[in-house]
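In what follows, a structure is listed as structure tokens, so that the remarks can point back to it.
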Amino acid sequence: MIEAERASLSDSLWTATAVPGPRFGPLSSDLRADVAIVGAGFTGLSAALHLAESGARVVVIDAHQPGWGASGRNGGQVNPGLKDGPAALRARFGDETASRMIAMSGGAAGLVFDLIDRHAIACDAVRNGWLRAGVTQAQADDLHALAREWEGEGGGVDPLDADAMARATGTDDYAGGVIDRRGGTLHPLNYALGLARAATRAGAAIHGDTPAMGLSRQGGGWRVTTATGTLTADKVILATNAYSGPLHRDLSRSVVPVCSVQVATAPLSPNVAASILPAGAHVSDARRLLLYFRKDAAGRFIMGGRGSFREGPTLAQQARLRAVSERLFPQLRGTAWEHAWGGLVAVTPDHMPHLHELAPGLLAGLGYNGRGIAMATAMGREMALWSLGRAAADLSFPVTSVRPLPFAFARGAAVEFEILRLRLLDRFNL
Ligand SMILES: Cc1cc2nc3c(=O)[nH]c(=O)nc-3n(C[C@H](O)[C@H](O)[C@H](O)COP(=O)(O)OP(=O)(O)OC[C@H]3O[C@@H](n4cnc5c(N)ncnc54)[C@H](O)[C@@H]3O)c2cc1C
């Protein structure tokens, strides 16, 4: 397992530029709640905020501070939808279930921006659109087909040819793609901290530096044990995603943690900044090992891509991200690269998030496959509704049983091998 404190993963731009605030102190007594939440990322914090706003007594604990996991380390790209488009969802889940999933995932970016507005969260949120870029003509054609699918589902996704994509990105590397106008960017750690403060204001209690060490049935509810106190609650939400550890082994074995890394420049000079993503959109491309890039509010250029489970290869991949950035945008050469960091993405075999009832009253939502700012926020709200009594059959996302993956011990090596294979396919555009 990756150590989050590993040097190549720790120099986060977001930690360096976060709005300062008091730490969330550890749990120091035995508390009783309606709902206890383990994990203070977007999933747990959104659940806590929605529960507290509905009047429920809710307590959140995190082994570290809110936003310490993927939520405070990501690319800040707020992207709606799921990996599968509307047509694939309808074919797989049937019209009724798929319609709810499409509405939930298609509206998930809107939910994020609404929460930011409603709670006045200072996190540099802008909604300038998400450019999805095809490297090959076949990829561009697939993206154009996706835009047509969304037309029948409320729209918001427009096709772009190679020239339009070059104007929008500032590089002629792409064969075409789409702009998804529902998407935008933000400072992810400030968004997480803002959700935590909003949840606290609404009445939730949040305790950092409090690892949950044990989980047991207590009467009709649950007991969460920590080193400094216990939580008893009618319901428990596990919101631990790729950082799920031994607390619930089947849950942690149901996802493959994959490292994703980022590099960021110093603020660009105004003329260089104006030549890259001039309208302020952000990009993820259709390479198998995708590249995703954007500028931040101070005009830094940020590039992200896959990392590794080991220190040496992660450093090499961060160097590769700097090199590919300077190939796409030669005007970046000579600009200082000031930050390099990373974290864990939870990948699922079907590339879909999962919603589980692990036992009566023990709920979990995870597996956002690298698209979790919007979906984790939406899943947190969904789990709040579920905890408040909405029937599983009436939720916007299907509840499935947890399926631990076999050979969990070999997952690290398998992921490394798969990344190498995909890199070769990308290199030769196969
Ligand atoms: C480098 C990187 C870039 C990414 N870029 C993007 C992007 O641009 N756009 C996008 O949409 N998504 C992106 N993602 C994915 C997104 O960040 C995640 O999907 C999302 O943050 C998941 O949120 P979460 O709350 O479920 O999990 P997390 O934020 O990972 O939170 C889990 C929390 O659980 C806590 N925890 C675990 N075990 C315990 C325990 N036993 N007791 C107490 N606490 C515990 C951890 O400390 C952690 O804080 C990226 C991810 C990474 C790593």
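Points worth noting:
- Residue count for the stretch 118-174 under the criterion of being in a helix (DSSP H, G or I) and under 28 Å from L195 (Cα atoms): the result is 1.
- Matching option when the condition is in contact with a strand residue (DSSP E or B) (Cβ under 6 Å, 6 or more places away or on another chain), away from the ligand (no atom under 14 Å from the Cβ) and not charged (D, E, K, R), among L146, L160: L160
- Filtered by the rule that a residue be basic (K, R) and either buried (at least 22 other Cβ atoms within 10 Å of the Cβ) or touching a Leu at 6+ places or on another chain (Cβ under 8 Å) (or both), the stretch 290-325 gives R294, K295, R300, R306.
- Residues of the stretch 227-245 satisfying the condition of being more than 8 Å from the ligand (Cβ to nearest atom) and either open to solvent by 10 Å² or more (accessible area, probe 1.4 Å) or in a loop (DSSP other than H, G, I, E, B) (or both): A227, T228, G229, T230, T232, D234, K235
- Scanning the stretch 335-355 for residues that are over 17 Å from R306 (Cβ atoms), under 15 Å from the mean Cα position of the chain (by Cα) and not in a strand (DSSP E or B) gives M352, P353.
- Condition broken by I302, with the remaining ones in (1) in a strand (DSSP E or B); (2) free of Cβ contacts under 8 Å to residues at least 12 places away in the same chain satisfied: (2)
- For V135: the one exception among (1) among the hydrophobic types (A, V, I, L, M, F, W, C); (2) open to solvent by 10 Å² or more (accessible area, probe 1.4 Å); (3) assigned by TED's automatic domain parsing to the domain that holds G69: (3)
- Of the criteria (1) out of contact with any Ser or Thr (no Cβ under 8 Å at 6 or more places or on another chain); (2) assigned to a helix (DSSP H, G or I); (3) within 23 Å of G72 (Cα to Cα), which one L315 fails: (1)
- Taking (1) of a type outside the set (A, V, I, L, M); (2) over 25 Å from R132 (Cβ atoms); (3) modelled with pLDDT of 95 or more; (4) more than 13 Å from the ligand (Cβ to nearest atom) in turn, S325 satisfies each apart from (2).
- Boolean, R287 is in contact with a helix residue (DSSP H, G or I) (Cβ under 9 Å, 6 or more places away or on another chain), assigned to a loop (DSSP other than H, G, I, E, B) and either under 20 Å from G370 (Cβ atoms) or open to solvent by 40 Å² or more (accessible area, probe 1.4 Å) (or both): yes
- Checklist (1) open to solvent by less than 10 Å² (accessible area, probe 1.4 Å); (2) not in a loop (DSSP other than H, G, I, E, B); (3) not aromatic (F, W, Y) applied to S254, failing item: (2)
- At least 2 residues being β-branched (V, I, T), outside the structural domain of I302 (by TED's automatic domain parsing) and open to solvent by 10 Å² or more (accessible area, probe 1.4 Å) is the threshold, and among the helices (runs of 4 or more DSSP H) wholly inside the stretch 1-113 not one reaches it.
- Counted residues, the stretch 192-210 - those being within 12 Å of the ligand (Cβ to nearest atom) and open to solvent by 60 Å² or more (accessible area, probe 1.4 Å): 1
- Residues in the stretch 257-280 that are more than 11 Å from the ligand (Cβ to nearest atom) and either open to solvent by 10 Å² or more (accessible area, probe 1.4 Å) or free of Cβ contacts under 8 Å to residues at least 60 places away in the same chain (or both): 13 in all.
The values are calculated or read from the model by the stated rules, or taken from the named source; none is laboratory data. This one's a predicted model, so the numbers in the text were calculated from it and none came from an experiment. Cβ sites come from the backbone with ideal geometry, for glycine too, and all protein chains shown count toward neighbours. For accessibility, only protein heavy atoms count, side chains too; no ligands or nucleic acids. Shrake-Rupley method; radii C 1.70, N 1.55, O 1.52, S 1.80 Å.
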